[in-house]
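Engineer: Before I ask anything, here is the structure I am working with.
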Amino acid sequence: MKLNLTISLFALATLSAAAPAVQLPVGLDLDKDPNDMKVNVSLYVMSKCPDARLCENIFGQVLRTESILPKISLSLHYIGALNSSLPLGVDVKHGPTEAYGNAHQLCLYHHLPLTEFWAAVECMNFPSSFPKDIGKAGFTKQCAETVGVDWWGSGVGKCVEGKRGKGKGKKDKKDYRVGKEGRKLLVENIRETEETGITTSCTIEIDSTLVSEGKRTCVVDGGVWKGCDDGHTAADFVRVIDAEWENLKKDTSFNDEAFEDDYTED
């Protein structure tokens, strides 16, 4: 299948060039230098979900905003239920092929810098035929290579297709398949999501040191934004992230000064 990606190629290239190709860490590490502190942002999604497509489009704009990338740690959580009787060990809302799509996106996330991962996901979300081709190994490969990913060199190819996938011809490009690593990533990710109790795609959570609940939540359900007290535009998310980042730096600076006061010799 050929994709008409002309419209989005500039945007994808802009995102890929927006920051150094360094994998952003997941989660905050309190032992790190304050300048390395991140605001945790979590997206709970499904690869074939129109609501996930909507919120990922908004977050693409957030990630393109100058100075945001160094301030956040973005994690992806796929919604489903563990079920060992199914081929990939999980049950998902939009059918078995979505499980492959989830696994493929986790392979991309695990092996690529955030900018390249996000560009590939935007490519997968772009076609008017969405979500028909989600989960096909050939489609995932096409999008990865469109945004400049070395399919086998990056490790994504093995994760998506398995060891035996390398060298297969174009006749296999519509196959729904995933390698051993991709299956493991999928099961582990959905297990972690189940533990949170979150079942709605798309749910956005931003860890907070400014609100009493300790997090800010925003949900897209049936195309409707819900519970978004801080707003749901890209500009709103940027404003919240900036505020949390500034407060996080301030808290860290205060703790460092207190530590120095306690341990400074007279």
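The values are calculated or read from the model by the stated rules, or taken from the named source; none is laboratory data. This structure is a prediction, so every number in the text was calculated from the model and none was measured. So basically every Cβ, Gly included, is an ideal-geometry build from the backbone, and we count neighbours across all protein chains shown.
Engineer: Would it be correct to say that D261 is among the acidic types (D, E), at pLDDT below 95 and assigned to a helix (DSSP H, G or I)?
Structural biologist: For D261, the condition - among the acidic types (D, E), at pLDDT below 95 and assigned to a helix (DSSP H, G or I) - is met.
Engineer: Also: I'm told D91 meets every condition in (1) at negative phi; (2) in contact (Cβ under 8 Å) with a residue 24 or more places away in the chain except one. Can you identify the failing condition by its number?
Structural biologist: Only one criterion in (1) at negative phi; (2) in contact (Cβ under 8 Å) with a residue 24 or more places away in the chain is unmet by D91, namely (2).
The rows are residues; the columns are (1) in contact with a Pro (Cβ under 9 Å, 6 or more places away or on another chain); (2) among the β-branched types (V, I, T).
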site: V90; (1), (2): no, yes
site: K93; (1), (2): no, no
site: A120; (1), (2): no, no
site: P131; (1), (2): yes, no
site: A137; (1), (2): no, no
site: Q142; (1), (2): no, no
site: V147; (1), (2): no, yes
site: W152; (1), (2): no, no
site: E161; (1), (2): no, no
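Rundown of residues vs (1) touching a Ser or Thr at 6+ places or on another chain (Cβ under 6 Å); (2) at pLDDT 95 or above; (3) closer than 25 Å to S208 by Cβ, yes/no style:
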{"residue": "R53", "(1), (2), (3)": "no, yes, no"}
{"residue": "R64", "(1), (2), (3)": "no, yes, yes"}
{"residue": "L82", "(1), (2), (3)": "no, yes, no"}
{"residue": "G89", "(1), (2), (3)": "no, yes, no"}
{"residue": "L106", "(1), (2), (3)": "no, yes, no"}
{"residue": "F126", "(1), (2), (3)": "yes, yes, no"}
{"residue": "I134", "(1), (2), (3)": "yes, yes, no"}
{"residue": "K141", "(1), (2), (3)": "no, yes, no"}
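Engineer: Restricting the search to the stretch 199-224, which residues are of a type in the set (A, V, I, L, M) and in contact with a strand residue (DSSP E or B) (Cβ under 9 Å, 6 or more places away or on another chain)?
Structural biologist: Residues satisfying the conditions are I204, I206, L210, V219, V220.
Engineer: For the structure I just gave you, tell me whether L248 is of a type in the set (A, V, I, L, M), touching a helix residue (DSSP H, G or I) at 6+ places or on another chain (Cβ under 6 Å) and crowded, with 17+ Cβ neighbours inside 10 Å.
Structural biologist: The answer is no for L248.
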